[in-house]
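Chemist: Take this structure first; my questions come after.
The values are calculated or read from the model by the stated rules, or taken from the named source; none is laboratory data. All figures in this text were calculated on a predicted structure; none of them were measured in a lab. Cβ atoms come from the backbone with ideal geometry, glycine included; neighbour counts cover every protein chain shown. Heads up: the accessible areas ignore ligands, DNA and RNA and are worked out on the full protein's heavy atoms, side chains in. Shrake-Rupley method; radii C 1.70, N 1.55, O 1.52, S 1.80 Å.
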Amino acid sequence: MTSIAIIGAGPQLGLAIARTFGSRGFDVALISRNPGKLDALVGTLAAEGISAAAFPADVLDGDALTRALKDAAVRFGGIDVLEYSPVGGFDSTVLTTPSTTEPSHVQHEMEFQLYGAIAATQTVLPAMREAGAGTLLFTTGAGSVDPVPQVGNVNAAAAALRNWVINLHKELAGTGIQAAHVAIDVSIGTSVIPGFPTAKPEEISPVYWELHTTHRDEAERVFSG
């Protein structure tokens, strides 16, 4: 059996990734902070014949995230693929331009994006090293590559995550473990910015399957539609 753990599992991209892997025989572990939404997603996947289970945890709580991943590994006999794409909300994030950014404006985003990714990786990587196989995938907006002043603090943390992931890819070369960064340069589902391109989550999710299977030498993919 093979399994994928999706951190930040949401009703759009997270669900699409779950379907992409689950339809190919993967067990799916869904991890996010809202148990009710997770249970609904598990029910949706179960109705489609996909084996899935919910493991509630907040990525800002490293201990809880670690426990969730360990519980998922026990449930499914290990974690073969980790996908990290937590989605913040405007209720928890103050958006700042570079010139108005204070350290505190970046700190929350660093904890949310980079520190959570590090905690998750440290949890699953030892077993992957022992097996000589595994895939680690991390998602940000395209501002990690080409930053936008209106969200300067978010972009700074996303760029830190991108840097760390690409460096991890280099470190793991030759081990059988793939690490890659996915930067999404579209609005998912519906546009929140007039004129900005959109894409359906089902159009984006195959990128993750390709990085896991046929494009394991790539450290990064930018999806722009």
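Chemist: Counting only heavy atoms of the protein chains, get the accessible area per residue of region 31-121 (1.4 Å probe) and round it to a whole Å² value.
Modeler: On the way: 4580 Å² over 91 residues.
Per-residue value: 50 Å².
Chemist: Right, something else. Normalised by the residues of region 47-112, what does the relative contact order come to in percent, with Cα pairs under 8 Å and at least six apart?
Modeler: Values: 24 pairs, mean separation 16.9, N = 66.
It comes to 26 percent, rounded to a whole number.
Chemist: Length gain on complete extension for the stretch Gln12 to Thr190, per 0.36 nm per residue less the alpha carbon to alpha carbon distance?
Modeler: Numbers: separation 178, 0.36 × 178 = 64.08 nm, distance 1.06 nm.
Separation in residues times 0.36 nm, less the Cα-Cα distance, equals 63.0 nm.
Chemist: Sequence neighbours fewer than 8 away in the same chain don't count; with that in mind, list the aspartates and glutamates whose C-alpha is under 13 Å from Lys37.
Modeler: Output for Lys37: empty list, no partners.
Chemist: Let me check against my output: what whole-number percent is the relative contact order of region 1-137, with C-alpha pairs under 8 Å and at least 6 apart? Working shown, then result.
Modeler: Values: 207 pairs, mean separation 36.6, N = 137.
Result for region 1-137 is 27 percent.
Chemist: If each DSSP helix of 4+ residues adds -39,500 (n - 2.57) and the sum is divided by the residues in the chain, what number results at 222 nm, nearest 500 deg cm²/dmol? It would help to have the intermediate numbers written out before the result.
Modeler: Working: 8 runs with 92 residues, N = 225.
Result for the chain: -12500 deg cm²/dmol, rounded to the nearest 500.
Chemist: May I pose another question? Sequence-distant or interchain residues sharing an amide H contact under 5 Å with Ala52, placed H: which?
Modeler: Under 5 Å from the amide H of Ala52: Val28.
Chemist: Now, a different point. Using +1 on the beta carbon of Lys and Arg, -1 on that of Asp and Glu, and nothing else charged, what's the dipole of region 169-225 about the Cα centre, debye to 20? Before the final figure, lay out the partial values.
Modeler: Details: 4 positive and 8 negative charges, 12 e Å.
The dipole magnitude comes to about 60 debye.
Chemist: So, one more: Leaving out ligands, DNA and RNA, what percent of the accessible area of the chain is carbon and sulfur, probe 1.4 Å?
Modeler: On the way: 5710 of 10460 Å².
About 55 percent, which is the carbon plus sulfur part of the accessible surface.
Chemist: Could you pull out every one of the aspartates and glutamates with an alpha carbon less than 17 Å from that of Lys70, ignoring same-chain neighbours closer than 8 positions?
Modeler: Asp27, Asp58, Asp61, Asp80, Glu83, Glu130
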